[in-house]
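What follows is one structure encoded as C-alpha cells, with my remarks underneath.
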Amino acid sequence: MITQLFFDNRHYFECREFLARQGVTVPIVPGILPILSSSQIKRFVALCGAELPRPLLSELEKRGENDEAVSQFGIDYATTQCEELLREGAPGLHFYTLNKARSTTEVVTNLALDPLAFGETASTV
C-alpha cells in the first residue's frame, strides 16, 4: 500500500500503527513529494487534502517565489523526512515526481541508498 503524500512523518507513523491494530499486514510505503515551488505545493495540497505543517510553511514563506531556493529546501526537507522514515522501519519510499525527477534523484543520492541492498541486480553494460 502506498500512502498519499505528507510532510509530517507523524501522520505516517499514526496511520501505520492504526492499520497494524486493525490487522493489516501489507507493507505501508510512504508517499513523498519533494517540494519544487511554494505556489505549486500550496495548490497541490489544497487539491488533495494534505497538510503543510506550520514550520514548513514558514520556511517556504522565507524563500518566497524563489523556486531554486524552494527546490533546494524541498530536497533537504525530503531527505531528512526519508531518513527518519527509513530509520523507523518504512519498507521503502514512493516518490511523487510530477514528471520532474531532479529533486527526487538528489534526495536518493543524499540518502546514499545502495540499489544492490534492495535486490536490484548490477548492470554490466
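The values are calculated or read from the model by the stated rules, or taken from the named source; none is laboratory data. Just so we're clear, the structure is a prediction, and the values are computed from it rather than from any experiment. Cβ coordinates were reconstructed from backbone atoms using ideal geometry, including for glycine residues, and neighbour counts include every protein chain displayed. These area figures cover heavy atoms from the full protein model, side chains too; ligands, DNA and RNA do not enter into them. Shrake-Rupley method; radii C 1.70, N 1.55, O 1.52, S 1.80 Å.
Worth a mention:
- Rounded percent of accessible protein surface that carbon and sulfur make up, the chain, 1.4 Å probe: 54 percent
- Which labelled figure in (i) 15.9, 50; (ii) 14.0, 45; (iii) 15.4, 47 is Rg and Dmax of the Cα atoms in Å, once derived from the coordinates: (iii)
- Charged-residue dipole, Cβ positions (Lys, Arg, Asp, Glu), the chain about Cα centre, Debye nearest 20: 300 debye
- Taking amide hydrogens as placed 1.01 Å from N in the peptide plane, the amide H of residue 7 sits under 5 Å from those of 51, each at least 5 positions away in sequence or on another chain.
- For the chain, the solvent-accessible area with a 1.4 angstrom probe is 61 square angstrom per residue.
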